[in-house]
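Below is one structure, written out as structure tokens; the observations come after it.
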Amino acid sequence: MDFALNEEQRMLQESARRFFADHHPPSRARRALPWRDPAQQRLWREMAQMGWMSLLVPESHDGLGLGVVEASLIAEEAGRQLLNLPWGGSAVLLPLWLAAATGAAAAVLRDAVD
């Protein structure tokens, strides 16, 4: 099995690394900004504008149609900057639960290992 990232995955990883370094340095997480803070809400909107909320949503439903590898890359970079927003639950777990409820989870997970 090849664990090397392809060019698109490397670009996604670098984009996430720059975004979180610029918008959510560890010092912000240490302040533990509450959700109602305008900076947190702005960060959430910017992440949505980058398409990261629909990362695992199929293109047929206006998502990016990517897989868990790409989600893992963004999660790694978010963790590097101590992101204190519920991105994983919203953008990763929820689409997988919905896929499981519709019987599409096997296809999502199968695509992740191909």
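The values are calculated or read from the model by the stated rules, or taken from the named source; none is laboratory data. Everything numeric here is computed off the predicted structure, so don't read it as measured data. Here the Cβ is made from the backbone with ideal geometry for all residues, glycine too, and neighbour counts use every protein chain on show. Please note that ligands, DNA and RNA were not included when accessible areas were found on the heavy atoms of the full protein model with its side chains. Shrake-Rupley method; radii C 1.70, N 1.55, O 1.52, S 1.80 Å.
Largest GNM mean-square fluctuation among Q13, Q41, Q81, using the chain with Cα springs under 10 Å: Q41. With a 1.4 Å probe rolled over the protein heavy atoms of all chains, the accessible area of M47, M11, M53 falls in the order M11, M53, M47, largest first. 3J(HN,Hα) along segment 6-22: 7, 4, 5, 5, 5, 5, 4, 4, 5, 4, 5, 4, 5, 4, 5, 5, 7 Hz, from the Karplus curve 6.51 cos²θ - 1.76 cosθ + 1.60 with θ = phi - 60°, whole Hz, x for Gly and Pro. Measure nothing but the geometry: give the 0 to 90° angle between the long axis through the Cα atoms of 68-80 and the longest principal axis through the Cα atoms of the chain, rounded to 10°. For helix 68-80, the angle is close to 20 degrees. Note on surface exposure: H61, H23 rank H61, H23 by accessible area, highest first, 1.4 Å probe.
Working from label points 7 Å from Cα in the Cα-to-Cβ sense, the S15 to W44 distance is 2.2 nm. Element breakdown for the chain at a 1.4 angstrom probe: carbon and sulfur atoms account for 57% of the accessible area. Surface analysis of the chain yields an accessible area of 62 Å² per residue, using protein heavy atoms and a 1.4 Å probe. Subtracting the Cα-Cα distance of E8 and A100 from 0.36 nm times their residue separation leaves 30.5 nm of extension gain. Accessible area of D2 (1.4 Å probe, protein heavy atoms only, ligands and nucleic acids ignored): about 130 Å².
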